[in-house]
1. Once the convex hull of the C-alpha atoms of region 187-259 is built, how many Å³ does it hold per residue, rounded to a whole number?
2. Got a sec? How would Ser14, Ser7, Ser100 order by Cβ neighbour count within 10 Å, fewest to most?
3. Express in nm, to one decimal, how much length is gained between Ala44 and Ala240 on full extension, taking 0.36 nm for each residue of separation and deducting their alpha carbon distance.
4. Looking at the chain only, what percent of DSSP beta bridges run antiparallel? Nearest 5 please.
5. Of all the Cα-Cα pairs you can form in region 1-150, what percent are over 25 Å apart?
6. Over region 172-259, what is the relative contact order in whole percent, taking alpha-carbon pairs under 8 Å and six or more residues apart?
7. When all C-alpha to C-alpha distances in region 138-179 are sorted into bins of 5 Å, what percent of pairs does each bin hold, rounded to whole numbers?
8. Could you tell me the ratio Rg/Rh of region 87-172? Both radii from Cα atoms, Rh via Kirkwood.
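Please treat every number below as a calculation from the coordinates, not as lab data. Every value quoted in this text rests on a predicted model; they were computed, and no experiment measured them. Note that we place each Cβ from the backbone using ideal geometry, even for glycine, and neighbour counts take in every protein chain shown.
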Amino acid sequence: MAGGFRSAVITGASRGLGAALARRLAGPGVLLGLTGRDAAALEAVAEACRARGAEVRLALLDVRDGARMMEVLRGWDAERPVELAIANAGIAAGTRPDGSAEGLEAFRAQIEVNLMGGVHLVEALLPAMRARGRGRLALVSSVAAFRGLPDSPGYCASKAALWAYGEAVRAGLAGSGVEMTLVAPGFFDSAMGERWEGPRPFSISAEDAAARILRAVERGAAVAAFPWPLAWALRLSPVAPARLVDMLVRRVAFRIRGA
Ligand SMILES: NC(=O)c1ccc[n+]([C@@H]2O[C@H](COP(=O)([O-])OP(=O)(O)OC[C@H]3O[C@@H](n4cnc5c(N)ncnc54)[C@H](OP(=O)(O)O)[C@@H]3O)[C@@H](O)[C@H]2O)c1
């Protein structure tokens, strides 16, 4: 069990980072609320968490469905006040294998899942956390939030929007007793990672990423951006001449298979 949290909710817990976070948070006396859409994969993660002593609630839901997110997350909060909620579910489209741009449908889907999925989680749980004067929220964005990349405009836009939304909410939480950590991972191994064809500098395991995120959440960090060389290069890029950065990012060509 990480961080001593007695109850946590994670979206997109059926695999990858979400599953690693769930396993790491699992322990005796912990109640986990896990969401995803793949029933078998979600059940396998739940089983691993139960084996570590946690009690688990599962919900098959699409994070784009705000009404259902409210219903399920508020139901779990009523059963036991949620101490930590992590908006992790995400998708990545990008350029097609023939090099043509992602379609409008894929662009919209990324905004709906990556941005609105996070907004739905916060909207569902923040009012009760505020009322209790206690709670932790984490939004999983990406280092792609810090600089638009030519091969994934929709993904970068959705993650940048989630980042800006999170900054706005976090700034308004001062003195409320609720903390929010904005998470910007670089590359880590997962189903999403495997679909990426191109350089993946400083790539780490999903378990390592989960450990770094939970350490940051435990200490109430405002930001968890890693690995630092990649995160800081991209975070500082707006102060460099724009055309120079455009030229540099054009060299980072990649494809996202199955997009
Ligand atoms: N992998 C990387 O290198 C990397 C780098 C930076 C940031 N990230 C971010 O980290 C997060 C986790 O990524 P990952 O690599 O672990 O991805 P992944 O292996 O593809 O897993 C994504 C998770 O999101 C869920 N999901 C996707 N669409 C959903 C929807 N509409 N409704 C509900 N759940 C949905 C999936 O569950 P179901 O399929 O069961 O619905 C799955 O559990 C994402 O936000 C991603 O953008 C990843």
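1. Numbers: hull volume 7.9 nm³, N = 73.
Once divided by residue count, the hull of region 187-259 is 109 Å³.
2. Numbers: Ser14 26, Ser7 22, Ser100 8.
Taking fewest neighbouring Cβ atoms as first place, the list is Ser100, Ser7, Ser14.
3. Details: separation 196, 0.36 × 196 = 70.56 nm, distance 4.63 nm.
Roughly 65.9 nm would be gained on extension.
4. Details: 2 of 30 bridges.
Beta bridges within the chain, antiparallel portion: roughly 5 percent.
5. Details: 3261 of 11175 pairs.
Percent of Cα pairs beyond 25 Å in region 1-150: 29.
6. Details: 81 pairs, mean separation 35.0, N = 88.
Computed value for region 172-259: 40 percent relative contact order.
7. Calculated over all Cα pairs of region 138-179, the distribution is 5, 26, 25, 17, 12, 8, 5, 2, 0 percent.
8. On the way: Rg = 14.5 Å, Rh = 13.6 Å.
Taking Rg over the Kirkwood Rh, I get 1.06.
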